Amino acid sequence: MSDLAALLREGAAKHAAGDLTGAAACYRAVLRAAPREPNAHNLLGVLARQQGDSQAALRHTEQALALAPDQPAFLANRGAALAEAGRLIEGISLLRAALDRRPEDAVALRNLGQAFAALGDAAAAIAPLERAAALAPQAPEPLLALAHARRELGDAEGARQAAAALAQSEGPLAEQARFLLAGLGAAPMPDRAPAGYVRDLFDQFAPRFDRSLAALDYQTPALIAEALIASGAAPARRLKVLDLGCGTGLSGVALQPFARRLEGLDLSPRMLAEARKRGLYDALHEADLLDWLPGKIASFDLIVAADVLNYLGDLAPALAAMRAALAPGGCIAFSVEAGDGAPVTLGEGLRYRHNPAAIRALLGAGLRAERRATLRQEHGAPVAGAIFVAGL
């Protein structure tokens, strides 16, 4: 048993150093020798959560908790894995049980607050997030989560205070805090949402994405398909199609009739995992579109971005890269949330709205079609948008 304990310590050291492959090898070696070792299962669950593998996380955390049902760390890890898999009520119950046993667990408090926020109960999220921030004042995650919860609750001043406390530091979460401040009108508007913000947002949203959008009467992929047909693109499975920001593949369903080959691109590994389950795509890529597209000159007949450009303020680089990736005769189609007045604005919902007139100017003579449309419902109100189709 001392050898197994040493192997667990070695795995934990590699895990802490970022060597996830080496850590997993150690944990699995422990389980080969002792299949009922709960710590190895729990640590593999932690690792699977980091890698976005929700099924492995659920499997290992379930086994760990079955072997040691009163262990606070196992309850907390299982609760977080359930919440991240979209099983929010179950996750909240176990996180509360963990905190009953270990009330000062700042990570469990943060996970509980984020689970409440994901459930749509921002009011319930505040207390655990405030406690987590007080217990771990140097950790940026609780403070950022608290700022978002206060924003969701309509407490703009409280959100500004929490975000401002983090925005003065360095690192990707500080960048996200500055983006939140921009959405609240308290900082300059950046050219785009931070990639880390978009990735984290959709990683958290992935397990419940399809259900949530169905409840919001989400129309964008169907509207884009209709605009393409009206512009002369036949749904005859002849085109090499790129689905930018493919998410869980909802847009791929609408694009499949056009495609002899369908590829998807997304920042979120958990969204891509959901898209993979549909079996629609010939290839899926995890990358930022502004990094990935420049290497794909003249590669696609059709490039579609459904509810993707809402996270970019300056559309000129993205539209130029999309058009450069088109083969001769190809076209792009995309949606934006429509705004009036300024060419682009950033609202408290942290999505950009674009004035269609500014987009027409960017597309110039390549514009083939423009339609105003309701993209979905949000907070009981229609979200006004515009659909564009353009060629080279």
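Throughout, read-outs are computed from the coordinates displayed, never taken from laboratory work. Note that the structure is a prediction, hence the values are computed from the model and not measured. Methodologically, a virtual Cβ is constructed for each residue, glycine included, from the backbone with ideal geometry; neighbour enumeration extends over all protein chains shown.
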- Task: Run the dipole for region 27-123 about the Cα centre, Lys and Arg Cβ at +1, Asp and Glu Cβ at -1, nothing else charged, and hand back the magnitude in debye, nearest 20.
- Result: 280 debye
- Message: Looking only at the chain, where both bridge partners belong to it, what percent of the DSSP beta bridges are antiparallel (to the nearest 5)?
- Response: 50 percent
- Task: Report the dimensions of region 2-103 along its three principal axes from the alpha-carbon atoms, largest first, rounded to Å.
- Result: 37, 26, 22
- Query: Taking only DSSP H segments of four or more residues, each worth -39500 (n - 2.57), what value at 222 nm results for the chain once the sum is divided by all its residues, to the nearest 500 deg cm²/dmol?
  - Reply: -16500 deg cm²/dmol
- Query: Convex hull volume of the Cα atoms in region 213-335, per residue, in Å³?
  - Reply: 99 Å³
- Between Ala324 and Leu153, with labels modelled 7 Å along Cα→Cβ, what's the label distance in nm to one decimal, could you check? 4.6 nm
- Net +/- balance of residues flanking Gly385 in space, Cβ distance below 12 Å, scoring K and R +1, D and E -1: +1
- Using the number of other C-beta atoms within 10 angstrom as an exposure proxy, rank His60, His379 with the fewest first. His379, His60
- What is the gain in length, in nm to one decimal, between Asp19 and Ala68 on full extension, counting 0.36 nm per residue of separation less the C-alpha to C-alpha distance? 15.0 nm
- Query: Residues with beta-carbon under 15 Å from that of Leu363, excluding Leu363: net charge, scoring Lys, Arg +1 and Asp, Glu -1?
  - Reply: +2
- Note on the structure: Note to self: C-alpha centroids of region 142-166 and region 317-358 sit apart, in Å, by 28 Å
- Message: Tell me the net charge near Ala214. Cut-off is 13 Å between Cβ atoms, Ala214 excluded, with +1 for each Lys or Arg and -1 for each Asp or Glu.
- Response: +1
- Task: Please list 80-87, 293-300 highest first by mean number of surrounding beta-carbon atoms within 10 Å per residue.
- Result: 80-87, 293-300
- In a Debye calculation with equal point scatterers on the alpha-carbon sites of the chain and no solvent, what is log10 I(q)/I(0) at q = 0.07, 0.12, 0.13, 0.14 Å⁻¹? -0.36, -0.99, -1.12, -1.24
- Item | Per-peptide average of other Cβ atoms within 10 Å, ordering 273-285, 62-74 highest first | 62-74, 273-285
- Gap separating the Cα centres of region 93-121 and region 46-76, nearest whole Å: 15 Å
- Output ³J(HN,Hα) for region 279-293: one whole-Hz value per residue in order, computed from phi by the Karplus curve 6.51 cos²θ - 1.76 cosθ + 1.60 with θ = phi - 60°, and x for Gly and Pro. x, 8, 9, 7, 7, 10, 10, 9, 5, 7, 4, 6, 8, 8, 4
- How would you rank 208-219, 257-268, highest first, on the average number of other Cβ atoms within 10 Å across their residues? 257-268, 208-219
